[in-house]
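**Student:** This structure is in structure tokens; I'll ask about it shortly.
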Amino acid sequence: MRDFPNNVSLRQLRAFAEVAECASFAAAARRLYITQSALSESIRLLEEAVGLRLLDRTTRSVALTAAGTVFLQEVQQALATLAQGMRRMGDLASLQGGEVRVVAAPSVLAALVMPCLPDLRARYPGLQVVLHEEGGEAVLRAVREGQADFGVGGWHASAMNLEAQPLLRDRMGWLARPDHPLLTQSELGLPDLAGQALVGYTTDTAIHALLSAQPGLPESVLAPALRVSNTVLLQQAIALGLGGALVPALIARHPLLQNLGFKPLATPSIERQVMVFQRPRRSLSPAAQVFKAAIVQQAQALWGQPGIEAVER
């Protein structure tokens, strides 16, 4: 038998999938807007083409055979792939529609992704955007599993099997209330943080992992008296005078933290490389390509800001 016999049609595959879902020829015929006799003929021809009975029929019920159960999974996958292809063709015809799903680290969403949306919405009002906030390996996992068109976050070793485009280098620095004395120093070194009241991130965050890999950290950084899991809590803790924080420069650009001061760490220079990740050998939809290009432009606009540097090509 050929891989895909010429006498098998898309109409027959859709008919089979509908009958399997409805468990009824009458209900499936209504959904397909055809007669029951035409539907029965489509199923008969399909079973003849594959050489196996796919459905067991009685006067009162319809059920999948063992072969039908296996075949249904393949048919549903094929129909879903075709539907995706038609949606992408719609994107090609007009960027006024379509959906883009992006997963990104919290600081990246605030500094790189969200600022792109006003212009994109003005240019493509029909474009639907879904944003998911994740951190560390969760960004990569969402991309790898197809839950997002692309992801944006810091480089991680588990990204080796993904396509990655560097956006910027993001240095760690001291975030504190504007009157904090460390912000006035000409250069800030890691030893200067010894004995400081510090607000750290929880141990499940990518920032904690980045700092933990750095040798020679002061005890105040290794074991802060207070740990938080998100930017809202970080802002409240610093505003209440509970300490400062060692964070990447992109976090300091979060709208909630605009009233705080930030000074990049000079020695040692602790940095992460922020990148766009996508699945290998999978082209982005036109809508996703436009969104990705806007994020790249936004990243380049930040080059030269305190603690934010261009990537090395």
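**Student:** Select from segment 183-197 the residues that are among the hydrophobic types (A, V, I, L, M, F, W, C) and out of contact with any Leu (no Cβ under 6 Å at 6 or more places or on another chain) and write down the one among them that is surrounded by the fewest Cβ atoms within 10 Å (Cβ to Cβ).
**Tutor:** 194
**Student:** For segment 286-306, does any single residue satisfy the condition of being in contact (Cβ under 8 Å) with a residue 12 or more places away in the chain, assigned to a loop (DSSP other than H, G, I, E, B) and out of contact with any strand residue (DSSP E or B) (no Cβ under 9 Å at 6 or more places or on another chain)?
**Tutor:** yes
**Student:** Then there is this: Does segment 169-180 contain at least one residue that is among the aromatic types (Phe, Trp, Tyr), in the same structural domain as residue 294 (by TED's automatic domain parsing), closer than 24 Å to residue 231 by Cα and not in a helix (DSSP H, G or I)?
**Tutor:** For segment 169-180, residues among the aromatic types (Phe, Trp, Tyr), in the same structural domain as residue 294 (by TED's automatic domain parsing), closer than 24 Å to residue 231 by Cα and not in a helix (DSSP H, G or I): absent.
**Student:** When residues of segment 203-251 are filtered for being buried (at least 20 other Cβ atoms within 10 Å of the Cβ) and among the charged types (D, E, K, R), how many remain?
**Tutor:** So the answer is 0.
**Student:** On to the next question. Determine, yes or no, whether residue 107 is at pLDDT below 90 and in a helix (DSSP H, G or I).
**Tutor:** Judged against the criteria, residue 107 is a match.
**Student:** A follow-up question, please. Which residue out of 45, 79 is outside the structural domain of residue 125 (by TED's automatic domain parsing), at pLDDT 90 or above, surrounded by 11 or more Cβ atoms within 10 Å (Cβ to Cβ) and more than 30 Å from residue 291 (Cβ to Cβ)?
**Tutor:** Only one candidate passes the filter, namely 45.
**Student:** Between residues in segment 31-57 that are farther than 10 Å from residue 16 by Cα and residues that are of a type in the set (Ser, Thr, Tyr), which pairs lie under 6 Å by C-beta distance while being six or more apart or on different chains?
**Tutor:** So the pair list comes out as 53/65; 56/65.
**Student:** Condition check: more than 24 Å from residue 137 (Cβ to Cβ), surrounded by 20 or more Cβ atoms within 10 Å (Cβ to Cβ) and among the small types (Gly, Ala, Ser). Does residue 200 satisfy that?
**Tutor:** When the stated conditions are applied, residue 200 does not pass them.
**Student:** Follow-up question, since we're still on this one. Hey, among the residues in segment 107-136 that are over 30 Å from residue 246 (Cβ atoms) and small (Gly, Ala, Ser), which one's nearest to the chain's Cα centre (by Cα)?
**Tutor:** Step by step, filter segment 107-136, then rank; the result is 126.
**Student:** Among the residues of segment 91-102, is there at least one that is modelled with pLDDT of 95 or more, among the aliphatic types (A, V, I, L, M) and not in a helix (DSSP H, G or I)?
**Tutor:** yes
Condition check ((1) modelled with pLDDT of 90 or more; (2) more than 14 Å from the chain's Cα centre (by Cα)) across all residues:
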residue	(1), (2)
138	no, no
147	yes, no
174	yes, yes
190	yes, yes
203	no, yes
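**Student:** Separate question: Quick check: is even one residue across segment 56-66 surrounded by 15 or more Cβ atoms within 10 Å (Cβ to Cβ) and within 29 Å of residue 13 (Cα to Cα)?
**Tutor:** Yes: one or more hits.
**Student:** Report whether or not residue 148 is of a type in the set (A, V, I, L, M), in contact with a Lys or Arg (Cβ under 6 Å, 6 or more places away or on another chain), crowded, with 17+ Cβ neighbours inside 10 Å and within 16 Å of residue 282 (Cα to Cα).
**Tutor:** Considered against the rule, which asks whether it is of a type in the set (A, V, I, L, M), in contact with a Lys or Arg (Cβ under 6 Å, 6 or more places away or on another chain), crowded, with 17+ Cβ neighbours inside 10 Å and within 16 Å of residue 282 (Cα to Cα), residue 148 comes out as yes.
The values are calculated or read from the model by the stated rules, or taken from the named source; none is laboratory data. Bear in mind the structure is a predicted one, so any value in this text is a computation, not a measurement. Ideal geometry is used to build each Cβ from the backbone, glycine not excepted, and the neighbour counts take in all protein chains shown.
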